[in-house]
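K.L.:
Just passing along the structure, written as structure tokens.
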Amino acid sequence: MTRRSNDVLARSMHSHVCELGTLLKRWRRLRGLSQLDLALEADVSARHLSFVETGRSQPSRELVVRLAQQLTLGMRDTNALLEAAGFSPEWPERALTDEALADVRAVVQQMLETHMPMPAFAIDRLWNVVATNATAALVFASVGGQALPNVVDFFYGSTTGRALIANLDDVARAARVRLRRELASRPLDAELAALVARLEGYTSEIADDADAPDGATICPVLQLGGQQVHTIGVMAQLTSVADVTIDELRVELFYPGDAHARAFFEALASRG
């Protein structure tokens, strides 16, 4: 290898180390940890961690993964930390349509279909609907919505979507709590931050409420066919799947809030 090649490689490695140090410091401060705190938790000397953050030392891949674990980073952010250090990602990120995820898609679709006649759909990390069962598709179609809309833009940013939810204030508050919590766990996700900003812009007239639901359960009252239909929304997710896309996938299942709601959706599904 020539001296010039060595110089280029050295500059590249230094660039990666500096990028890693900046990112690592941001995460550590976001988690409210001192260098000593993180060093103790990751079983590394505070001196070495300081050198990593200032770009004076190149950490091993194993150390970067260990630091990510102690910072409680998800798959996407762990990959970003590894790439900043010049390493390959730990987990793949494939499109949901990728052939390698065919079995997972089948499981998700089975979850949705098994939930019939109640509506159910799956969303990605930015709340784009990526799959539905027949009843959910009928609900979207009944108000002229797209087959696979973005939940935030459709339910809170469009007149037809907002009209679909009779208790919009309560549902919007719960959605804001949930999205803010997701952003708190992934504070460097610019796309997620933009989604939160859109939701808050769409619902700016709805004041926060200290007694609002914590976001884990949302109970929309749907305005369908001239009737108010009470539902209980529950979120589910897949675990133990080594893929960024699947790790961030959420399945939204809506249960009947009363006997009227069950009868309504049974009738809707049979007509559909």
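The values are calculated or read from the model by the stated rules, or taken from the named source; none is laboratory data. Keep in mind the model is a prediction, meaning the values are calculated, not measured. All Cβ positions, even for glycine, are placed from backbone atoms using ideal geometry, and neighbour counts span all protein chains on display.
K.L.:
Test Phe265 against the stated conditions and say whether it is among the aromatic types (Phe, Trp, Tyr), in a helix (DSSP H, G or I), touching a strand residue (DSSP E or B) at 6+ places or on another chain (Cβ under 9 Å) and in the same structural domain as Leu164 (by TED's automatic domain parsing).
P.N.:
yes
K.L.:
Between Trp127, Trp91, which is out of contact with any Lys or Arg (no Cβ under 8 Å at 6 or more places or on another chain), buried (at least 17 other Cβ atoms within 10 Å of the Cβ) and over 30 Å from Ile206 (Cβ atoms)?
P.N.:
Exactly one residue qualifies, and that residue is Trp91.
K.L.:
Does the stretch 119-133 contain any residue that is at pLDDT 95 or above, touching a helix residue (DSSP H, G or I) at 6+ places or on another chain (Cβ under 6 Å) and farther than 22 Å from Thr239 by Cα?
P.N.:
yes
K.L.:
If you take the residues in the stretch 94-123 that are touching a strand residue (DSSP E or B) at 6+ places or on another chain (Cβ under 7 Å) and part of a loop (DSSP other than H, G, I, E, B), which one is surrounded by the most Cβ atoms within 10 Å (Cβ to Cβ)?
P.N.:
Pro119
K.L.:
Can you tell me which of (1) more than 18 Å from Val143 (Cβ to Cβ); (2) modelled with pLDDT of 95 or more; (3) β-branched (Val, Ile, Thr) is the one Val234 doesn't meet?
P.N.:
Evaluating Val234 over (1) more than 18 Å from Val143 (Cβ to Cβ); (2) modelled with pLDDT of 95 or more; (3) β-branched (Val, Ile, Thr) leaves (2) as the failure.
K.L.:
When you scan the stretch 72-88, how many residues do you find that are in a loop (DSSP other than H, G, I, E, B), over 18 Å from the mean Cα position of the chain (by Cα) and surrounded by 19 or more Cβ atoms within 10 Å (Cβ to Cβ)?
P.N.:
Residues flagged as in a loop (DSSP other than H, G, I, E, B), over 18 Å from the mean Cα position of the chain (by Cα) and surrounded by 19 or more Cβ atoms within 10 Å (Cβ to Cβ) within the stretch 72-88 amount to 1.
K.L.:
Is it true that some residue in the stretch 145-166 is in a helix (DSSP H, G or I), modelled with pLDDT of 95 or more, crowded, with 18+ Cβ neighbours inside 10 Å and among the aliphatic types (A, V, I, L, M)?
P.N.:
yes
K.L.:
Now, a different point. Might you let me know whether the stretch 135-144 holds any residue that is touching an Asp or Glu at 6+ places or on another chain (Cβ under 9 Å) and over 19 Å from Leu249 (Cα atoms)?
P.N.:
Looking for residues that are touching an Asp or Glu at 6+ places or on another chain (Cβ under 9 Å) and over 19 Å from Leu249 (Cα atoms), one finds none in the stretch 135-144, hence no.
K.L.:
A follow-up question, please. With respect to Val130, is the statement that it is touching a residue at least 40 places away in the same chain (Cβ under 8 Å), in the same structural domain as Gly257 (by TED's automatic domain parsing), farther than 27 Å from Arg271 by Cβ and β-branched (Val, Ile, Thr) true?
P.N.:
no
K.L.:
With over 24 Å from Val229 (Cα atoms), aliphatic (A, V, I, L, M) and modelled with pLDDT of 95 or more as the only criterion, which of Val104, Val108 stands out?
P.N.:
Val108
K.L.:
Just need a number here: residues in the stretch 19-36 that are part of a helix (DSSP H, G or I) and under 28 Å from the mean Cα position of the chain (by Cα).
P.N.:
Residues meeting the conditions: 12.
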